[in-house]
Amino acid sequence: MAQGGTDMLRILITAFALITTPLMAQETVVVDLSQNRVEITATYSGSNIFVFGAVKRESPLPEGAGPIDVAIVIEGPLETVTVRKKEKRLGIWVNTESVEVHEAPSFFTIATTRPLEDMLNEGDRRDYAIGLDFAVRPQGPTEENIESFAQAVARIRKDDGLYSERESIVNLTEDILFEADISLPANLVEGDYNVRVYLIRDKNIVSDTTVGITVRKAGLEVWLYDLSRNSPLIYGLLSLLVALVAGYSASEIFRRLKH
Amino acid sequence: MQIYLPIAEVSVNMFVILGLGGMVGMLSGIFGVGGGFLMTPILIMIGIPPAVAVATEANQIVASSFSGVLAHFKRKTVDIKMGLILMLGGLAGATLGVQIFKYLKSIGQVELLVTLSYVIFLGLVGGMMFVESLNAIRRAGKPGARPRKKKHNWIHGLPFKTRFRTSGLYISVIPPIVVGVAVGILAAIMGVGGGFIMVPAMIYMLGMPTKVVVGTSLFQIIFVTAYTTLSHATQNFTVDAILALLLILGGVIGAQIGTRIGVKLKAEQLRILLAGMVLIMCGKLALDLLLMPSELFSIGTGGH
């Protein structure tokens, strides 16, 4: 829904940028990933995604063009979360206010060639959600305090290692090739992740592209999760059975050890 | 070694969980309590979502109390009739408890309820045990310590009296049912078996002989926590099978070791140690409520 609008906006902005800066040769960014699929198995403890790509130029670079920069955003599925705020009531801290924050990505990391503020203008950072300040995009009528709740999401998830900014970890070679090794944490949730890559010159976005990563539970994890949702009664009974068998075996084993 | 928990959706160190299970199991073996009141808050502290911690801990208690009750059956220290009556109350209480839990989860107050219940009950039980065992130790120094005489109080005036042969009691079924309901509610919302409340209630309110108290308490705890586990699994989808398995493995081994340590310690020393532990946990949780948290905001899942 909103995605289509953003895409259109993006095309317009790119077109506008191309028309107004005739000096600039047309450059496009091409990118690939070491893997398009992350499987969360029982022993999953985080993984690394190697993002690499190149800048394709239709014509040679004109004189006086500034150096290029690259920003890579990996973003988890957008979700709606309820954010609660604690206040002191009757001497104890309790949840009082709560706000539903829409469009909060479950995971957000940004890797860049340089500190973000130095390489891209604030308008683009906001419009394209590049940077932690703009990771959570509250939608609808912007109430006065929703901003503080949205910021809280970013802050809490940053502490949990789910949101991060990694400056200067994208290696750029000869203004053509770039690569970055981006680690994903262990507390990842399932879903379709996007890797957005932006080519930036003179604080403006020159080209961008998006590739997807699928994050799925696998093996025992997916079996247990599905069972718990689809046949909760069987799942519950199985859990009890395991408990009873374990309890019985423990007392038997130790009884025999004693003799 | 890291392991990803499918329901909690967090990755934890397997040995940390096994170790925690073992340690709490050992303490529960030494003191004859389920250990849920220690384990649930610890699980929440290491980052397991509270709803998952409560439901999964109930599943673990099924295992540890089943393991424990088998030994009591061999020694014939289980009052089955009393256990069944407590259980009836317990199931009713647990049903109510899961509903309360579900409602409070939806309005974001479940954390407050769980913490408050802990502070109040750990404080009461810990405080009472502490005072009692201090007195016992002081009395033990003097010769001619008087044995407690059987009290005849209002409880004996209630109707529906029945005979509990194993306990040697002739009392109304109302007090056991009330105790059962209360402990059932707590079991569901606190993720505990409720032994730490059930045991004192059986001794002081129902007047049961100490030797059948632990076995009977364990007996009914199995049913109530099994029921709680099923309710949480089917209504809140919060039982994490892998977390439960790790806790159970650590717990049953720890409990067996603990039981052997327990017999070597004196009863008063045991009780004062347990009281101290209960009070420390209570104090920690009370501070969480009283001190300003470093992060005022929290994220709950929502939008459904």
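Residue-by-condition table, conditions (1) more than 9 Å from every other protein chain (Cβ to nearest Cβ); (2) buried (at least 21 other Cβ atoms within 10 Å of the Cβ):
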| site | (1), (2) |
| --- | --- |
| A:Ile74 | yes, yes |
| A:Val81 | no, yes |
| A:Lys85 | no, no |
| A:Leu90 | yes, no |
| A:Val101 | no, yes |
| A:Thr113 | yes, yes |
| A:Leu116 | yes, no |
| A:Asn121 | yes, no |
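Only a single item in (1) more than 22 Å from B:Val119 (Cα to Cα); (2) in a loop (DSSP other than H, G, I, E, B) is not met by B:Ile48, and it is number (1). Of the candidates A:Arg229, A:Arg256, the single residue that is at the interface with chain B (Cβ under 9 Å from one of its Cβ atoms), part of a helix (DSSP H, G or I) and farther than 20 Å from B:Gln60 by Cβ is A:Arg229. Annotation: B:Phe219 fulfils all but one of (1) modelled with pLDDT under 80; (2) in a helix (DSSP H, G or I); the unmet one is (1). Of the residues B:Leu5, B:Leu91, B:Leu20, only one is touching a residue at least 60 places away in the same chain (Cβ under 8 Å) and under 27 Å from B:Ile177 (Cβ atoms); which? Going through B:Leu5, B:Leu91, B:Leu20 in turn, the sole match is B:Leu91.
Taking the options A:Leu188, A:Leu224, name whichever one is surrounded by 17 or more Cβ atoms within 10 Å (Cβ to Cβ), in a helix (DSSP H, G or I) and under 31 Å from the mean Cα position of the chain (by Cα). Exactly one residue qualifies, and that residue is A:Leu224. Contact map, the range B:108-128: first residue of a type in the set (Asp, Glu), second residue part of a helix (DSSP H, G or I), Cβ cut-off under 7 Å, separation 6 or more or different chains; pairs are B:Glu111/B:Pro50. Where residues in the range B:5-43 are β-branched (Val, Ile, Thr) and farther than 17 Å from B:Met277 by Cα, which of them is nearest to the chain's Cα centre (by Cα)? That would be B:Ile17.
Residue-level analysis places A:Gly247 among those that are facing chain B (nearest Cβ under 7 Å), part of a helix (DSSP H, G or I) and more than 37 Å from the chain's Cα centre (by Cα). Could you check, for the range B:150-167, whether at least one of its residues is in contact (Cβ under 8 Å) with a residue 12 or more places away in the chain, over 18 Å from B:Met82 (Cα atoms), among the charged types (D, E, K, R) and touching a Gly at 6+ places or on another chain (Cβ under 9 Å)? Yes, the range B:150-167 contains a residue that is in contact (Cβ under 8 Å) with a residue 12 or more places away in the chain, over 18 Å from B:Met82 (Cα atoms), among the charged types (D, E, K, R) and touching a Gly at 6+ places or on another chain (Cβ under 9 Å).
State the number of residues belonging to the range A:224-259 that are in contact with a Pro (Cβ under 7 Å, 6 or more places away or on another chain) and within 15 Å of B:Phe223 (Cα to Cα).
Going through the range A:224-259, the residues in contact with a Pro (Cβ under 7 Å, 6 or more places away or on another chain) turn out to be A:224-225.
The next check asks that each one be within 15 Å of B:Phe223 (Cα to Cα); those that pass are none.
Here the count works out to 0.
Pairing each residue of the range B:51-70 that is under 18 Å from B:Ile185 (Cβ atoms) and assigned to a helix (DSSP H, G or I) with any residue that is among the polar types (S, T, N, Q) and at pLDDT 90 or above, provided the two are 6+ apart or on different chains, yields C-beta distances under 6 Å for B:Ala58/B:Thr229. Per the listing A:Val153, A:Val99, A:Val70, A:Val81, the residue uniquely outside any strand (DSSP E or B), among the hydrophobic types (A, V, I, L, M, F, W, C) and touching a strand residue (DSSP E or B) at 6+ places or on another chain (Cβ under 7 Å) is A:Val153.
Pairs linking a residue in the range A:107-130 that is within 26 Å of A:Val215 (Cβ to Cβ) to a residue that is in a loop (DSSP other than H, G, I, E, B) and of a type in the set (D, E, K, R), with Cβ atoms under 8 Å and 6 or more positions apart or on different chains, are A:Thr112/A:Glu167; A:Leu116/A:Glu167; A:Ala129/A:Arg137. For the range B:182-196, indicate whether the set of residues that are over 13 Å from the mean Cα position of the chain (by Cα) and farther than 14 Å from B:Lys81 by Cβ is non-empty. There is no residue in the range B:182-196 that is over 13 Å from the mean Cα position of the chain (by Cα) and farther than 14 Å from B:Lys81 by Cβ.
Looking at this structure, is A:Lys217 within 11 Å of another protein chain (Cβ to nearest Cβ) and of a type outside the set (Val, Ile, Thr)? So A:Lys217 passes the test.
For B:Thr259, are the conditions met, namely being outside any helix (DSSP H, G or I), at pLDDT below 90, out of contact with any Cys (no Cβ under 6 Å at 6 or more places or on another chain) and facing another protein chain (nearest Cβ under 10 Å)? Full working, then the answer.
Numbers: outside any helix (DSSP H, G or I): no; at pLDDT below 90: yes; out of contact with any Cys (no Cβ under 6 Å at 6 or more places or on another chain): yes; facing another protein chain (nearest Cβ under 10 Å): yes.
Answer is no for this residue.
Somewhere in the range B:263-280, is a residue under 30 Å from B:Ile107 (Cβ atoms) and at pLDDT below 80?
Taking the range B:263-280 as the starting set, the residues that turn out to be under 30 Å from B:Ile107 (Cβ atoms) are B:278.
In the following step, the residues that additionally are at pLDDT below 80 were identified as none.
So far as the range B:263-280 goes, no, none of its residues is under 30 Å from B:Ile107 (Cβ atoms) and at pLDDT below 80.
When the residues of the range B:211-257 are filtered to those that are without any contact (Cβ under 8 Å) to a residue 40 or more places away in the chain and closer than 20 Å to B:Phe101 by Cα, the one that is surrounded by the fewest Cβ atoms within 10 Å (Cβ to Cβ) is B:Thr234.
For the range A:123-131, does any single residue satisfy the condition of being within 14 Å of another protein chain (Cβ to nearest Cβ) and crowded, with 16+ Cβ neighbours inside 10 Å? Scanning the range A:123-131 turns up no residue that is within 14 Å of another protein chain (Cβ to nearest Cβ) and crowded, with 16+ Cβ neighbours inside 10 Å.
The values are calculated or read from the model by the stated rules, or taken from the named source; none is laboratory data. All values derive from a computational prediction rather than experimental measurement. All Cβ positions, even for glycine, are placed from backbone atoms using ideal geometry, and neighbour counts span all protein chains on display.
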